[in-house]
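The values are calculated or read from the model by the stated rules, or taken from the named source; none is laboratory data. A quick note: this is a predicted structure, and the numbers were derived from the prediction, not measured. Here Cβ is always computed from backbone atoms with ideal geometry, including for glycine, and neighbour counts include all displayed protein chains.
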Amino acid sequence: MNLKDFIRSIPDYPKKGILFRDITTLIKDEKAFSETINQIVEKSKKFQFDKIAAIESRGFVFASAVSYILNKPFIMLRKKNKLPADVHSVDFELEYGTATIEVHKDSINKNDKVLIIDDLIATGGTAEAASKLIEISEGKVAAFIFVINLFDLGGCDKLIKKNYSVENLIEFPGH
């Protein structure tokens, strides 16, 4: 199954000049979604990890299913002011703006190895912020797995240069 066939491309969203890769067409197809989860599970077997974290919100779709299958705790990395208890926060830049993500301070224990899953990597700003949250929490990033890599925007390369392990299922150009 070619998962690329299930990704819809939407020009000029969320702003002019951005070609948005929409995963809703992938997850609404039960066979494509199942295949995506199976591929993430298979790629995750390369790494040793204690917990799975995902970046809000589309990363939750994939990571929660993988967490269930692998019987691993699931950690939500959320947008600012969405978590009710004490949090660690990291500000970062997106391709089209700025944002803050947070994690509960009690979600990650010292030396926990955390696999981070997200739907897409572009410039790597969100992924880099996620790694900082794990490290501020005294955990260690085991690896990143992305459904989509926008290869010409350099996000995976940025993470690899920082000595993180990175996997993805499919690739598209960013523009």
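Enumerate the pairs (first residue in the range 2-28 and on the phi > 0 side of the Ramachandran plot and without any contact (Cβ under 8 Å) to a residue 60 or more places away in the chain; second residue anywhere and in a loop (DSSP other than H, G, I, E, B) and surrounded by 11 or more Cβ atoms within 10 Å (Cβ to Cβ)) with beta-carbon separation below 9 Å, excluding pairs fewer than 6 apart on the same chain, so at least 6 apart or on different chains.
Listed by first residue and then by second, the contacts come to D12/I18.
Could you give every pair whose Cβ atoms fall below 9 Å, whose first residue belongs to the range 86-113 and is modelled with pLDDT under 95 and loosely packed, with under 11 Cβ neighbours inside 10 Å, and whose second residue is in a strand (DSSP E or B) and of a type in the set (A, V, I, L, M, F, W, C), counting only separations of at least 6 or pairs across chains?
T98/F92
Only one of these is over 26 Å from L26 (Cα atoms), touching a Phe, Trp or Tyr at 6+ places or on another chain (Cβ under 8 Å) and aliphatic (A, V, I, L, M): V114, V141. Name it.
V141
Could you figure out which of (1) under 23 Å from I160 (Cβ atoms); (2) surrounded by fewer than 19 Cβ atoms within 10 Å (Cβ to Cβ); (3) modelled with pLDDT of 95 or more isn't true of V66?
Single failed check for V66: (2).
Which strands (runs of 3 or more DSSP E) does the range 100-175 wholly contain that include 1 or more residues that are out of contact with any His (no Cβ under 7 Å at 6 or more places or on another chain) and of a type in the set (D, E)? Spell out the reasoning first.
Numbers: elements: 113-121, 140-150, 166-172.
The qualifying strands (runs of 3 or more DSSP E) are 113-121, 166-172.
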